[in-house]
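Q: Here it is: the structure, laid out below.
The values are calculated or read from the model by the stated rules, or taken from the named source; none is laboratory data. The structure displayed is predicted, hence computed values, not measured ones. Heads up, the Cβs are rebuilt from the backbone with ideal geometry, glycines too, and the neighbour counts pull from every protein chain shown.
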Amino acid sequence: MAEILAPCGSYETLEAALRAGCDAVYLGGQGFSARQNAVNFSDEEISRAVYECHKRGVKLYRTINTVIFDEQLDECLAAVKHCAEVGVDGIITQDLALTEMVRRCCPGLHIHASTQMTIHTPLGVELTKELGFRRTVVSRELPLDIIRKLCEQGIEIEAFVHGALCMSVSGQCFMSAVIGSRSANRGLCAQACRLPCSGGGKGKERYDLSLKDLSYCDRLGEIVRAGVASLKIEGRMKRPEYVAMAVDSCKKALAGQPYDKKTLEDVFSRGGFTDGYLDHRLGRDMFGMRTGEDAAAAAKALPKIHELYRSEEKRDTVNFAVTIKNGKEMTLTASDSKDISVTVTGGVPQPAQNKAADEESVTRQLSKLGDTIYSLGEVVANIDDGLFVSPKELNDLRRRACQALDDERAEHNSRRTAFTPAPLTDFEEYHANAQTIRVCLENEEQLIGVDPESIELCFVPFALAEKALKVLPKEKIGIAMPRFTFDENSQTERLKAAKNAGIAHMLATNLAHIPMGRALGFTIHGGYGLNLTNSCALKTAQDLGCADATASFELKASQIARLKKPMPVGVFAYGRLPLMLTVNCPVSQSVGCKNCTHHITDRTGRDFPVKCSKREGYVEILNSEVLYLADKLDDFRKADFLLLYFTEEKHGAVRRIIEEYKSHGINGKPEKLTRGLYYRGIL
């Protein structure tokens, strides 16, 4: 049976989740948690939480699911060490450095591929297996037929079944970072998607980036039959009542019992729930916002929900064997359904003055299990006649036996793992001879502006490959892979056709592209979508097959300069930074495709271009301003290549901008520009 996995942002929420009957929990520590604004757990609290979970037979997973900087590698390694020592059941992570840490230092520790890794295809799942993951948390945008296919690949699949939906595909949202330096990939998302934003032009108060919460409670049977191993509830920022209600609803739904749909919606929703992704039903019905009516309903629902976790969930039966013999210490043996057994001793019984101890009176006292995790099973009593034992003594025996059984169960369920320190960046550093320029183009006109002698490589989408071969040397052409797909087979076939036409390079914009490119013999260039932010992750990408990689544009220029490079590393040096990758189009749901405005407008009046990749099934929301660094290249001397992304530029602008980067911007800079995050950084 699939586990019900509950979110815990505080110790109070952990207690609510456990009392409501979850099968597993996930929580964050004080660092490296994708919900840094939750209360989160200290190392001491994590140790205590592991005990509380394991005595109940509940699993605990720790999230270390932010990207990591070089200066944090030692701190992160200490967090991994603590997980191994206290026996957490797994680490949920997105950074490739974690795979290397675990492989080298504690290979027995389980790791789970976070949804932040944007795994949504069979080859993506295969790569997580190659990296040593025991479980993959798939993207929330997937329909049931694709989830079913991914469950057939010999690795546990975890899927979100209830909670908030980000507008962007997880791991590919940079809006909060670029706009306000609060990075979603660092756990500090400012939720810009919940603010007013219109896909239909200025002056319209709309929320075209805000999705309703997901709820698949009515579909859990289908999801489990598809092969999903873990049913994940979102909500580490939510109240204990929310978590308890979600756990209770999932438990009842999974058992085929009715659950309180109204209270589940009342405790938190944004105008109701959606299950649109599961059937690939996108559009307006999936959008919603939090209203005053929603908040009022929640306030009214909270007291009622407290009853769900007022008392302890009974996790097992306890069998007692009590021995009360004349002149000997009393003994009480407690055992559970898994034959875990403990024995405690008490005082010597006294001769009875009035009523002697018998099986009935002893059983009555032992049955008072109150707020323990046990219900009474069998009681076997071996009692000599004429002896007296006070209720207080029996209660004390019972309490100590249950506590000892708790301890033994916690130890039995522990996954403590040996940890051996090991270096993470013990590789030879790559040193380049000269800095080169690479470009990404969108349309045929832009090809005219590219002088083959001025660039090292030109990446184009599949649709532009044939035309590119007519004007550029084939050895300088690469395929820029689509960033998301519901049809990986089609991508593979188109990539084969490009290879047969003489194209040998590909830009991997998702981890799944690495095994795809390897199988077809491409030279693989890692894109910014891989979120590579440290030297160790770069080395792992190289080991997987990348010839070089573009560093994350969430790094500061100074951090890029300090990277120890195992291979050539470049920077996103020009263009509109991608803020969101989403399969739900904000413009389409607002005004329809026929009336497309090709942009969204935020509450300040800024316009953000929307780039449509309709064939692939996704759109990208781009920054309102263009990143420009031609006059700042002295700060990027350690970058081996500069990647220039052209979107709406005409051929003349393409030619001029390439020349400006070759000449370090000696002809000046545009009036409106952004330096991105290279100087101000992220929190």
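Q: Quick one: Val439 ticks every box in (1) of a type in the set (A, V, I, L, M); (2) surrounded by 19 or more Cβ atoms within 10 Å (Cβ to Cβ); (3) under 29 Å from the mean Cα position of the chain (by Cα) except a single one, so which number is it?
A: Condition not satisfied by Val439: (3).
Q: Still on this structure, please answer the following. What number goes with the only condition from (1) over 30 Å from Asn395 (Cβ atoms); (2) not in a helix (DSSP H, G or I) that Asp266 does not pass?
A: It is condition (2) that Asp266 fails.
Q: Would you say Leu441 is hydrophobic (A, V, I, L, M, F, W, C) and under 14 Å from Ala501 (Cα atoms)?
A: On the way: hydrophobic (A, V, I, L, M, F, W, C): yes; under 14 Å from Ala501 (Cα atoms): no.
Considered against the rule, which asks whether it is hydrophobic (A, V, I, L, M, F, W, C) and under 14 Å from Ala501 (Cα atoms), Leu441 comes out as no.
Q: Same structure again: For the range 348-392, which residues satisfy the criterion of being among the acidic types (Asp, Glu) and not in a strand (DSSP E or B)?
A: As a first pass, look at the range 348-392 and keep what is among the acidic types (Asp, Glu): 358-360, 371, 378, 384-385.
Answer for the range 348-392, where residues must be among the acidic types (Asp, Glu) and not in a strand (DSSP E or B): Asp358, Glu359, Glu360, Asp371, Asp384, Asp385.
Q: If only one of Thr604, Thr582 is surrounded by fewer than 17 Cβ atoms within 10 Å (Cβ to Cβ) and not charged (D, E, K, R), which one is it? Break it down stepwise before answering.
A: Working: Thr582 fails: surrounded by fewer than 17 Cβ atoms within 10 Å (Cβ to Cβ).
Of the residues listed, the single one that is surrounded by fewer than 17 Cβ atoms within 10 Å (Cβ to Cβ) and not charged (D, E, K, R) is Thr604.
Q: Are any residues in the range 100-126 part of a helix (DSSP H, G or I) and under 22 Å from Val80 (Cα atoms), and if so, which ones?
A: Across the range 100-126, the qualifying residues are Glu100, Met101, Val102, Arg103, Arg104, Cys105, Thr115, Gln116, Met117.
Q: Would you please list the contacts, defined by Cβ atoms under 7 Å and residues six or more apart or on different chains, that run from a residue in the range 606-618 that is among the acidic types (Asp, Glu) to a residue that is not in a loop (DSSP other than H, G, I, E, B)?
A: Asp607/His599; Asp607/Thr601
Q: Which residue out of Ala49, Ala97 is part of a helix (DSSP H, G or I) and over 12 Å from Cys536 (Cβ atoms)? It would help to see each step written out before you state the result.
A: Details: Ala97 fails: over 12 Å from Cys536 (Cβ atoms).
Checking each option against the conditions leaves just Ala49.
Q: Show the residue pairs that are 6+ apart or on different chains and have beta-carbon atoms under 6 Å apart, the first residue being within the range 665-683 and under 16 Å from Asp634 (Cβ atoms) and among the β-branched types (Val, Ile, Thr), the second being assigned to a loop (DSSP other than H, G, I, E, B) and at pLDDT below 85.
A: Sorted first by the residue in the range 665-683, then by its partner, the list stays empty.
Q: Check Ala334, Ala352, Ala321, Ala356 and return the single one that is modelled with pLDDT of 95 or more, assigned by TED's automatic domain parsing to the domain that holds Ala401 and surrounded by fewer than 18 Cβ atoms within 10 Å (Cβ to Cβ).
A: On the way: Ala334 fails: surrounded by fewer than 18 Cβ atoms within 10 Å (Cβ to Cβ); Ala352 fails: modelled with pLDDT of 95 or more; Ala356 fails: modelled with pLDDT of 95 or more.
Being modelled with pLDDT of 95 or more, assigned by TED's automatic domain parsing to the domain that holds Ala401 and surrounded by fewer than 18 Cβ atoms within 10 Å (Cβ to Cβ) holds for just one of Ala334, Ala352, Ala321, Ala356, which is Ala321.
Q: So, Leu98, is that one buried (at least 24 other Cβ atoms within 10 Å of the Cβ) and either outside the structural domain of Ala541 (by TED's automatic domain parsing) or more than 28 Å from Lys556 (Cα to Cα) (or both) or not? Reasoning before the result, please.
A: Details: buried (at least 24 other Cβ atoms within 10 Å of the Cβ): yes; either outside the structural domain of Ala541 (by TED's automatic domain parsing) or more than 28 Å from Lys556 (Cα to Cα) (or both): yes.
Spelling it out, Leu98 is indeed buried (at least 24 other Cβ atoms within 10 Å of the Cβ) and either outside the structural domain of Ala541 (by TED's automatic domain parsing) or more than 28 Å from Lys556 (Cα to Cα) (or both).
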